[in-house]
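Everything below concerns the one structure shown next.
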Amino acid sequence: MNNFKLAVRGVTRNKRRSLITVAAITVVLMMIVVTDSLIDGMYHMLNDKAVEASGHVQIYAPGYYDEKRTLPTDIAIGHLNRVMETLRDTEGVVDVTAQITFGGLATFAGNEIGGVFIGIEPEAAGRIHRYSDKVMEGRYLDEGDADGCLIGYRLAELLGIKLGDVLTVVTRTAYGALTAIDLTVVGIVATMNSMIDEGGALMLLSDAQAYLELPDAATAIIVNGEDPMESGAMEEKVLAALTTEIGMVPDTGGPAVAPEESSTLAGELSPEGSGEPEKIESPTREGFETYTWQELSYILVEMAQMQQGVVGIIRAIMIILAMAMIISTMLTNVFERTREIGVLMAMGAKGRQVMLLFLGEAAVLGFLGSFFGVAIGTGLGLILQNVGIDFGEGLSSMMTIPIDNVIYGLVTPEMVLGAFFLGIIVSVIAGLYPAAKAARLQPTKALRFI
């Protein structure tokens with residue numbers, strides 16, 4: 001208790017200098033808390049958007065991922081109903097949905113735009129991708145909307161199409177035949193995914209299967225578990241279940257001729273002048289490829305690592321500046337109190353006791369600066385958590401995944417306590433050198449100091 005009183009008295013001896021030091025620590029801790037709040041909020045939002053866009057685990061037919069940018073429909077997962085039933089029965093699977101993604105030409109009233117079109121299961125896709133929350137006009141798609149669609153808001157503007165109008169999509173089937181699909185617009189969506197918003201449409205999976213000649217098939221299956229951060233374990237469970245129940249070992253083999261029970265996928269053609277049908281290679285393949293959302297959003301992972309590195313450098317610079325301020329203050333105290341230190345030592349005080357005295361002063365300065373810095377930083381962080389910062393449309397245009405223009409902060413108890421104790425620890429460490437210098441003073445020399 002006596003040491004604590006002496007430390008407080010030492011801090012209050014030169015109030016102006018101590019106030020400047022406390023203010024420096026306060027500013028540093030405040031900036032650390034606010035910066036961490038914004039970075040954590042952005043990282044949390046990016047994770048949510050990435051998971052929302054891709055689900056926890058995606059399943060493709062072998063070879064699809066390598067050709068994904070071309071939106072192939074001739075590399076598809078067959079036996080879809082059986083596969084989906086197996087996945088729904090797999091332990092840990094919370095939700096699962098299938099989709100068919102294909103490219104085509106959207107036309108209306110003489111206007112044409114190339115786009116991306118997705119056949120979805122409305123109910124499950126609405127839960128996983130939250131499409132149902134992104135309808136700007138009209139209503140969300142349901143299973144009864146045969147030949148209906150949702151279109152991106154930018155596509156609607158560019159084509160001049162409105163609710164109730166018929167959008168024509170020109171594309172190719174899984175077998176390469178040209179086809180045209182007429183879809184009635186039931187809703188307009190803003191998904192924050194540029195592929196959909198600027199040139200895309202969502203339709204029923206059953207319609208896509210029929211028009212693209214992919215019965216009981218899909219180009220991708222999305223699986224959600226209980227925790228997106230455990231997607232690796234979910235991936236292993238999914239592969240094990242499919243290998244056991246479906247009996248198709250995951251590999252990267254080439255196209256497989258459709259099995260007998262789904263021979264409609266293979267199709268038949270009779271060449272002119274021959275009575276024998278010619279077998280057409282099936283677009284479905286045996287086996288599976290699986291990818292977690294982290295693998296699909298690898299740019300996000302790299303961006304997060306880069307952000308952490310940059311923030312770490314900024315944090316280190318701010319801490320060094322605060323430590324320099326503390327060292328300067330403490331060294332000045334040692335210089336001004338040299339005779340006092342000599343008197344204490346002449347009265348029997350040990351070097352260790354003198355060192356603890358000055359470390360106590362550093363701890364008091366650190367405690368005050370940390371308390372005020374964390375308090376102010378937490379207040380600002382909570383404001384950011386509720387209000388956010390609007391970075392404008394330029395932010396989302398720079399990202400390859402759907403992202404909101406408004407970034408919200410995220411304040412956690414761990415963050416606040418970590419910053420508080422960091423301030424105290426750094427202050428004590430900064431006080432080690434001045435305290436050690438004071439402890440090494442010789443009493444006789446200190447008493448003669450003027």
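The values are calculated or read from the model by the stated rules, or taken from the named source; none is laboratory data. Everything numeric here is computed off the predicted structure, so don't read it as measured data. Cβ atoms come from the backbone with ideal geometry, glycine included; neighbour counts cover every protein chain shown.
Contact annotation: no residue pair with Cβ atoms under 6 Å, 6 or more positions apart or on different chains, pairs a residue in the range 370-383 that is closer than 14 Å to ILE407 by Cα with a partner that is surrounded by fewer than 17 Cβ atoms within 10 Å (Cβ to Cβ) and modelled with pLDDT of 90 or more. Scanning the range 91-119 for residues that are within 29 Å of ALA180 (Cα to Cα), in contact (Cβ under 8 Å) with a residue 12 or more places away in the chain and not hydrophobic (A, V, I, L, M, F, W, C) yields THR97, GLN99, THR101, GLY103, GLY104, THR107, ASN111, GLY114, GLY115, GLY119.
For every residue, the table says whether it meets (1) in a helix (DSSP H, G or I); (2) at pLDDT below 95.
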{"position": "LEU183", "(1), (2)": "no, no"}
{"position": "MET192", "(1), (2)": "no, yes"}
{"position": "GLU198", "(1), (2)": "yes, yes"}
{"position": "GLU235", "(1), (2)": "yes, yes"}
{"position": "LEU239", "(1), (2)": "yes, yes"}
{"position": "GLY254", "(1), (2)": "no, yes"}
{"position": "VAL257", "(1), (2)": "no, yes"}
{"position": "GLU261", "(1), (2)": "yes, yes"}
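Listed conditions (1) without any contact (Cβ under 8 Å) to a residue 60 or more places away in the chain; (2) under 30 Å from GLY366 (Cβ atoms) are all met by ARG88, apart from (2). From the set of residues in the range 200-213 that are within 21 Å of TYR140 (Cβ to Cβ) and not in a helix (DSSP H, G or I), which is modelled with the lowest pLDDT? Applying the filter and picking the extreme gives GLY200.
ARG440 meets all of the listed conditions (1) of a type in the set (D, E, K, R); (2) at pLDDT 80 or above; (3) more than 20 Å from MET45 (Cβ to Cβ) but one, namely (2).
Only residues that are of a type in the set (D, E, K, R) and either more than 30 Å from ILE20 (Cβ to Cβ) or surrounded by fewer than 12 Cβ atoms within 10 Å (Cβ to Cβ) (or both) were counted in the range 299-351, giving 2.
Entry remark, the range 296-320: residues being touching a residue at least 12 places away in the same chain (Cβ under 8 Å) and farther than 19 Å from VAL33 by Cα number 5 in total. All of ALA50, ALA23, ALA7 fail the test of being surrounded by fewer than 18 Cβ atoms within 10 Å (Cβ to Cβ), in contact with a helix residue (DSSP H, G or I) (Cβ under 8 Å, 6 or more places away or on another chain) and of a type in the set (A, V, I, L, M), apart from ALA23.
Right, LEU155: modelled with pLDDT of 95 or more, within 28 Å of the chain's Cα centre (by Cα) and either within 23 Å of ALA53 (Cβ to Cβ) or not assigned by TED's automatic domain parsing to the domain that holds THR70 (or both) or not? Answer is no for this residue. Examine the range 299-319 for a residue that is farther than 30 Å from THR12 by Cβ, modelled with pLDDT under 70, of a type outside the set (D, E, K, R) and in contact with a Gly (Cβ under 7 Å, 6 or more places away or on another chain), and state whether such a residue exists. No, the range 299-319 contains no residue that is farther than 30 Å from THR12 by Cβ, modelled with pLDDT under 70, of a type outside the set (D, E, K, R) and in contact with a Gly (Cβ under 7 Å, 6 or more places away or on another chain). Among residues of the range 178-200 that are more than 14 Å from LEU150 (Cβ to Cβ) and charged (D, E, K, R), those with a Cβ under 7 angstrom from a residue that is surrounded by fewer than 16 Cβ atoms within 10 Å (Cβ to Cβ) and modelled with pLDDT of 90 or more, sequence gap 6+ or separate chain, pair up as ASP182/ASP147; ASP182/VAL166; ASP182/THR168.
Condition check: assigned to a helix (DSSP H, G or I), over 43 Å from the mean Cα position of the chain (by Cα) and in contact (Cβ under 8 Å) with a residue 24 or more places away in the chain. Does LEU356 satisfy that? Yes, satisfied.
Kindly establish whether ILE389 is touching a strand residue (DSSP E or B) at 6+ places or on another chain (Cβ under 9 Å), at pLDDT 75 or above, under 27 Å from LYS49 (Cα atoms) and of a type outside the set (D, E, K, R). The answer is yes for ILE389. Here is the figure for the range 305-346: residues that are out of contact with any helix residue (DSSP H, G or I) (no Cβ under 6 Å at 6 or more places or on another chain), aliphatic (A, V, I, L, M) and closer than 18 Å to ALA7 by Cβ total 2.
Within the range 393-406, one or more residues are at pLDDT 70 or above and either out of contact with any Ser or Thr (no Cβ under 8 Å at 6 or more places or on another chain) or at positive phi (or both).
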